[in-house]
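Notes follow the structure.
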Amino acid sequence: MKTLIVYSSQSENTKKLADTIYEGMEGETDIFPVDEAPSSQGYDLTAVGFWLMAGKPDPKTSEYLAKTGKGDRLFLFATHGAAAGSDHVKNATNHAISLTNEADIAGIFTCQGEVNPKVLEKVKQKPEPPVWIADADQAVGHPNEDDFSALKQVITQLK
Ligand SMILES: Cc1cc2nc3c(=O)[nH]c(=O)nc-3n(C[C@H](O)[C@H](O)[C@H](O)COP(=O)(O)O)c2cc1C
């Protein structure tokens, strides 16, 4: 199986998931930050990783996802300040899928990712802080070893 891993990461959380996938995949695997990533054409599986920004995949990844479509087999992975399994995360992953123009979604993995403390303080001070901020204190230290193990479990099912 030939796999492409494409990721976007400002503060390394999502990159850590991308590196975990890279280590865990069997067969030929290429890995690129989204800025330098080729198209998914010619790959059996493309793992696309993003961080949540304003309730959506970050803009660069959104652009990449919009270029995928039928015939592409995608594995989506993401980090976020919001709690895992929250409506906020579900809505964001559904949005990511809607951007793909009916690609085949082979799987999804998300977990919390520690929020840049400066950003966190700033956002907390907004008159109406976004809903995800309530969970962000629990994101400290994530992604952690448990997150990496859970991700490794998920990707073994992709082979
Ligand atoms: C500008 C900005 C906006 C963010 N917006 C959200 C958001 O809407 N929902 C959320 O759950 N987390 C949000 N976060 C938290 C990040 O998604 C989270 O910390 C993520 O793990 C960062 O990934 P990275 O280290 O790969 O850049 C935001 C962070 C920043 C810096």
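The values are calculated or read from the model by the stated rules, or taken from the named source; none is laboratory data. Note that the coordinates shown come from a computational prediction; the quantities given were computed from them, not determined experimentally. Cβ: placed from backbone, ideal geometry, glycine included. Neighbour counts: every protein chain shown. Surface accessibility is based on the protein's heavy atoms, side chains included, excluding ligands, DNA and RNA. Shrake-Rupley method; radii C 1.70, N 1.55, O 1.52, S 1.80 Å.
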### Residue that is nearest to W132 (Cα to Cα), among those in the stretch 9-66 that are among the β-branched types (V, I, T) and in a helix (DSSP H, G or I)
T14
### Query
When the residues of the stretch 84-102 are filtered to those that are open to solvent by less than 30 Å² (accessible area, probe 1.4 Å) and in contact (Cβ under 8 Å) with a residue 40 or more places away in the chain, which remaining residue is farthest from the ligand (Cβ to nearest atom)?
A96
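Yes/no matrix, rows are residues, columns are (1) among the basic types (K, R); (2) closer than 21 Å to V6 by Cβ:
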{"position": "L74", "(1), (2)": "no, yes"}
{"position": "S86", "(1), (2)": "no, no"}
{"position": "K122", "(1), (2)": "yes, no"}
{"position": "G141", "(1), (2)": "no, no"}
## Note on the structure
Considering residues that are in a loop (DSSP other than H, G, I, E, B), open to solvent by 70 Å² or more (accessible area, probe 1.4 Å) and more than 14 Å from the ligand (Cβ to nearest atom), the number found within the stretch 140-159 is 2
### Query
Taking interchain pairs and intrachain pairs at least six residues apart, which have beta carbon atoms under 6 angstrom, with the first residue in the stretch 134-154 and farther than 19 Å from K124 by Cβ and the second open to solvent by 40 Å² or more (accessible area, probe 1.4 Å)?
P143/K16
### Summary
Those residues of the stretch 104-138 that are away from the ligand (no atom under 12 Å from the Cβ) and touching a Leu at 6+ places or on another chain (Cβ under 8 Å) come to a total of 6
### Query
Does the stretch 86-139 hold any residues that are closer than 16 Å to G49 by Cβ and either assigned to a helix (DSSP H, G or I) or more than 19 Å from the chain's Cα centre (by Cα) (or both), and which are they?
V89, A92, T93, H95, A96, I97, L99
### Message
Can you tell me which of (1) in contact with an Asp or Glu (Cβ under 9 Å, 6 or more places away or on another chain); (2) under 23 Å from A83 (Cβ atoms) is the one E12 doesn't meet?
### Response
(1)
